[in-house]
There are 2 protein chains.
Amino acid sequence: MVTYAAPLDDIRFLLYDLLDYEGQVAALPGYEEANRELVDAVLEEGARFCQNELLPLNRPGDEAGCRFENGVVRTPDGFKALYDSFCEAGWNGLSLNPDYGGQGLPKTLQFVMTELICSTNLSFGMYPGLTHGACNALEMHGSDDQKRTFLPNMIHGRWSGTMCLTEPHCGTDLGLIRTRAEPMGAAPDGESKYSITGTKIFISAGEHDLSENIVHLVLAKLPDAPEGTKGISLFIVPKFLVKEDGSPGTRNGVACGSIEHKMGIKASSTCVMNFDAAEGYLVGQPHSGMAKMFTMMNVARLDVGIQGLGLAETAYQSAAAYAKERLQGRSLAGPAYPEKAADPIIVHPDVRRNLLTMRALNEGARALALWVAIAVDVAEKHPDAAKRQEADDLVALMTPIIKSFFTDYGFEATNLGMQVYGGHGYIREHGMEQLVRDARIAQIYEGANGIQALDLVGRKLGQNMGRLLRRFFHPVQGYVEAKMTRPELAEFVAPLAKSLSRLQQSTLWIAQQGLKDPEEAGAAAADYLNLFAYTALAYLWTRMAEASLAQQDGDSAAFHEAKLATARFFFQRLLPKSSGHFSAIMAGKAPIMAMKEAAF
Amino acid sequence: MVTYAAPLDDIRFLLYDLLDYEGQVAALPGYEEANRELVDAVLEEGARFCQNELLPLNRPGDEAGCRFENGVVRTPDGFKALYDSFCEAGWNGLSLNPDYGGQGLPKTLQFVMTELICSTNLSFGMYPGLTHGACNALEMHGSDDQKRTFLPNMIHGRWSGTMCLTEPHCGTDLGLIRTRAEPMGAAPDGESKYSITGTKIFISAGEHDLSENIVHLVLAKLPDAPEGTKGISLFIVPKFLVKEDGSPGTRNGVACGSIEHKMGIKASSTCVMNFDAAEGYLVGQPHSGMAKMFTMMNVARLDVGIQGLGLAETAYQSAAAYAKERLQGRSLAGPAYPEKAADPIIVHPDVRRNLLTMRALNEGARALALWVAIAVDVAEKHPDAAKRQEADDLVALMTPIIKSFFTDYGFEATNLGMQVYGGHGYIREHGMEQLVRDARIAQIYEGANGIQALDLVGRKLGQNMGRLLRRFFHPVQGYVEAKMTRPELAEFVAPLAKSLSRLQQSTLWIAQQGLKDPEEAGAAAADYLNLFAYTALAYLWTRMAEASLAQQDGDSAAFHEAKLATARFFFQRLLPKSSGHFSAIMAGKAPIMAMKEAAF
């Protein structure tokens, strides 16, 4: 079995010592009660629930997978009871609107819980995760009537949600979708109904036995729709039509045609959904579906990034425990434990290098995630519109970086964890190879990582004359200038400054080249995103090192000593690797575009 | 399904245009008949066999896996018939001794065939692969009687072989093995017999239904054995004892206890083997088993490296075909195919970047592999002992690099291939995720890649006062000096020279630091191995570019144009990434060793 305990010490350090959760979030209107005491209580209960309830079903869920039987999807044994207690405990609606039954807690807390859930049972977490995204979209874009009808049940978890985008011939390019929506005329209650017909694939949680109804949010085209993405509308299509009394009634014309057999996340159902004149309800205006789907997608992209972190954390903890336990060979410096038949493999520099790589990326990523999480709350609740905009800009800028970088390194980290186990890691019973298989999907779904990089250079970089970029460059530049005279910080600030300057240089290069030739921006995109991510991690690692340097004494001295050791590893052994991204960016598109298509 | 055709054009270019196969190998005594005409015929037949026979059973084999039923292992449907025709066609003994029924062809040809087999059905290839290693060990170390008894059947494939090293508590550290060998007294035929008792795990091809007998080569300890690896002896333990007439007789005391459920290579049986007073025969002298096992292991390590290349080639070809077919979105430069609903995704710089990364690594790795393969033949057959030693040195030096770098990049390449497929790559039916799962084991078995790096810095670097190193540095330095005045080669030679100088610098650093503190060498090992591999690829890419520049006209102009485009991609977009390895090496052990063990 894997080894896992929620990293609450690190999370508390980040929230309270580094990121001023209390001043930034608990001070926001509506979050007055979400003070440190409450947050700690929720986190401890959340950790207990994930460790004791979710984790034990993770490997059995992978072994059993979902089964498709006569149009019905059966989740693995125990999932239904787990889901019920998850909902009853209120985890489903943790950060959702209290007007419809949610707990109304800050999104920052939701980020933390998402990490813990992904660490312990990603497949299970997919079901409430999808519902969560659908609730956000409905809350922002649904009519009052739609909200009253669907939100209370969805926020509780009694009903679940999906997002139905992809079709067999199109995933990234949604302008090509063929699913059609025909007006059925106004119903007596005044709501317009539509008849939805088409096939959607790769629909996570499209069909399952956990909830009594499933509310599909479906992209489709109205008869008069303009070509491409400007002609896409968003519809609510419930599995069971809702009766007058609010309970599920007649079965709607939507059915699961089959489920996919996948590399991983096997306990999460991935469905082909056939819509055959299914009754649907338009959300908002016609042809405005793409923007609304992005409401879900942006939240989902951050969530998917956290999946990488969550799985990598479990991989790290498991590998560290194994490395301290497994006796094999002797330290290169002479026997460390002469009384034992061999030393634990953690004495070997290369094993430590693998562990520290995972740890430095995990702790850096967690700090970045919570920095952005707090901005999500500020963007939503701050009384000052300018502050909201600033925070929203930062979130928009960092979303593709978190999605792509966290899932890439998350996959790498699960593989490093497996490598520490040697041959035992390749065997299913130890659970390490499941982490690898589960982590792999996160680089693909919610926009493959190449698309995230294009989103960053093609959309976010130039948006509002570079306004989004300034939300990162200004504070980091300011921080570097403020700290560069502090000799004890030099080992961190100097490489951060160098990384920032390279990032600025390549930003300028891309802005100039990309204006003339968008393929230049496209050729630079993935390396640029990674250089950006390394610089962001360097910023947060410098701040963490600064905070830990100030706390060398006291009860948590060992914690801060380890933090500093990890910071030094990051700056000396990992950050230098980002220089290759800089060189690749500056090499331009020529070596990529020269090869003739036929020669591939 | 995956797309695959054996890359015979590239292989012929390497053998005949680049590496002078005819002058280097076909000129060796015993290989006179293995001229270009014969080699071409064998390769074409081999390609046909792999594409038509091995490939169609690859995915079904993965789906079915091996089944363990009452001590018997059943391979997937079709494997037995495939194995029989493989043996009948002579592929099993392709490069093995003709005195015992082998084809006696050069090892270079075997390298090529290994790549083709791994590209089309790695799991299947494991069975003859293990036999091949066992035949080598028996031929080098067995008595005449042992050779006569076992080799003809094993070379044919009628009997198969294994290597039994690992035990539950030890893999890397074989000094800890507990399997015991007790002398049973001399038999009437004069051969000493031993009673072998113990448990071995992770035994590939340990039990299966393909061959009529299985010949285990087993590491065990004699009663008077010294401690550690100096007390290990090597034994032959056949599944069925051999009768007077040479046919299999009584069942020996060795049985399969269970098979492992693994992430991949599911059609290859991985067995727990229980030896219970099994009859065994000592190979060579007592306590000399480790060195003999390395005879198998060194060949096996090169083979495992080729596994990475083989799988990466299939991933590349499949992804390239998919990228040319899949219509999605539009070129950033404006519609490339305005008559179609969308452009094929190969128009996107990021897709091309992924494809070219795979291709540049594959073609570079293949060139390096065949350079070393030719050295294997020279080391075995050259009439001049000095030439043999030189070639053997190069093989010894490059073995850990090929094993580790090829399997690491091979895993990365299969993942890049899967990424090009997007969500479809994560679904089992397309076969891409199988390549990823199959590729993953190669980084672990035959010495995990961290061990390979230690072998390089701890053993090969200092061996005979750096003699092995000179077999690489001298020809490369000489080549650089000879070519640096050729302006048309400058774009290749200049970065090669830079990479070589960094490699020399870090070699010196490791030699100096490592003498004082072996942990410094250990901390540098993995990054050093990768820097070495990149430099070796840069050398071979420069030579390939030079050869292709000379052939810009004629029938193969398109081939050479693509070769040059790929070379430029390697030098401009990939090689710069190796600079991060240099920085990491020079950072030393401090950031790795500072963290206290308890803090992990």
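The values are calculated or read from the model by the stated rules, or taken from the named source; none is laboratory data. Please read these numbers as outputs of a predicted model, since none were measured by experiment. Backbone-built Cβ (ideal geometry, glycine too); neighbour counts: all protein chains shown. To get the accessible areas, we keep the full protein, side chains included, count just its heavy atoms, and leave off ligands, DNA and RNA. Shrake-Rupley method; radii C 1.70, N 1.55, O 1.52, S 1.80 Å.
Inter-chain Cβ neighbour count for B:561-573, averaged per residue, equals 5 (cutoff 10 Å, partner chain atoms only). By the Stokes-Einstein formula, at 0.890 mPa s and 25 °C, chain B with its Kirkwood radius over alpha-carbon pairs has D equal to 97 µm²/s.
The mean number of partner chain beta-carbon atoms within 10 angstrom of a residue's beta-carbon across peptide A:137-148 is 0. In the context of the full set of protein chains, region B:8-141 has a per residue accessible area of 36 Å² (1.4 Å probe). Label points for residue B:285 are taken 7 Å from Cα along Cα→Cβ. From this copy to the others they lie 9.0 nm apart, shortest first.
When only alpha carbons are used to place a centre, region A:368-398 and region B:183-244 end up 68 Å from one another. For helix B:36-49, report the angle its Cα long axis makes with the longest principal axis of the Cα atoms of chain B; keep it between 0 and 90° and round to the nearest 10°. Taking Cα atoms only, the helix is inclined about 80 degrees. Note on the protein assembly as shown: helix-only mean residue ellipticity at 222 nm, from DSSP H runs of 4+ residues weighted -39500 (n - 2.57) and normalised by residue number, equals -17500 deg cm²/dmol. The Rg/Rh ratio for region B:161-288, using Cα coordinates for both the radius of gyration and the Kirkwood hydrodynamic radius, is 0.97.
The region of chain B that goes longest without hitting one of the trypsin sites (Lys or Arg not before Pro) in a DSSP loop, each with at most 13 other Cβ atoms within 10 Å, is B:341-595. The charge dipole of region A:161-288, taken about the Cα centre with unit charges on the Cβ atoms of Lys, Arg (+1) and Asp, Glu (-1), comes to about 320 debye, rounded to the nearest 20. Of the GluC sites (Glu not before Pro) found in region B:127-221, those in coil by DSSP whose Cβ has at most 15 other Cβ atoms within 10 Å are B:191, B:212. For region A:460-593, the solvent-accessible area works out to 38 Å² per residue, with a probe of 1.4 Å and every protein chain left in place. What separates the residue A:140 label point from its copies, with the point 7 Å along Cα to Cβ, is 6.5 nm, written shortest first. Net length available on complete extension from residue A:277 to residue A:184 is 32.5 nm, with 0.36 nm assigned per residue and the Cα-Cα distance removed. Averaged over the residues of peptide A:162-174, the number of Cβ atoms from other protein chains lying within 10 Å of each residue's Cβ is 3. For the protein assembly as shown, the fraction of 1.4 Å probe accessible surface lying on carbon and sulfur atoms is 51 percent. Between 0 and 90 degrees, the angle of helix B:518-549 with respect to the longest Cα principal axis of chain B falls at about 60 degrees.
Taking GluC sites (Glu not before Pro) across region A:12-82, the ones in a DSSP loop with at most 13 further Cβ atoms lying within 10 angstrom of their Cβ are A:32, A:33. Across the options A:280, A:237, A:166, the greatest Cα extent toward the positive end of the charge dipole of region A:161-288 (unit charges at beta carbon of Lys, Arg, Asp, Glu) belongs to A:166.
Computed with a 1.4 angstrom probe on protein heavy atoms, the B-A interface buries about 7900 square angstrom of accessible area in total.
When the charge dipole of the protein assembly as shown is built from unit charges on Cβ atoms (+1 for Lys and Arg, -1 for Asp and Glu) and taken about the Cα centre, the candidate among B:323, B:493, A:271 whose Cα reaches farthest toward its positive end is B:493. Distance between the 7 Å Cα→Cβ label points at residue B:512 and residue B:52: 6.1 nm. Write down the Kirkwood hydrodynamic radius of the protein assembly as shown, to one decimal in angstroms, obtained as one divided by the mean of 1/r over all alpha carbon pairs. Kirkwood radius, the protein assembly as shown: 31.6 Å. The distance linking region B:106-134 with region A:333-354 is 35 Å (Cα centroid to Cα centroid, whole angstrom). The label-point distance for residue A:333 and residue A:384, in a model that sets each label 7 Å from Cα toward Cβ, rounds to 5.1 nm. Counting only alpha carbon atoms, the long axis of helix A:432-441 and the longest principal axis of chain A meet at about 50°.
For region B:151-293, the share of DSSP beta bridges that are antiparallel, to the nearest 5, is 80%.
Using a 7 Å projection from Cα along Cα-to-Cβ, the label point at residue B:36 is separated from the same position in the remaining copies by 8.0 nm, smallest value first.
Note that region A:161-288 presents 36 Å² accessible area per residue, ligands and nucleic acids not counted, probe 1.4 Å. Taking all Cα pairs closer than 8 Å and separated by 6 or more residues, the relative contact order of chain A comes to 13 percent. This model, with +1 at the C-beta of Lys and Arg and -1 at the C-beta of Asp and Glu, gives the protein assembly as shown a dipole about its Cα centre of some 1740 debye. Only protein heavy atoms count here; on that basis, with a 1.4 Å probe, residue A:540 has an accessible area of about 0 Å². The charge dipole of chain B, taken about its Cα centre with unit charges on the Cβ of Lys, Arg, Asp and Glu (plus for the first two, minus for the last two), comes to roughly 1680 debye.
Computed from the C-beta positions of residue B:258 and residue B:470, the FRET efficiency with R₀ = 51 Å rounds to 0.60.
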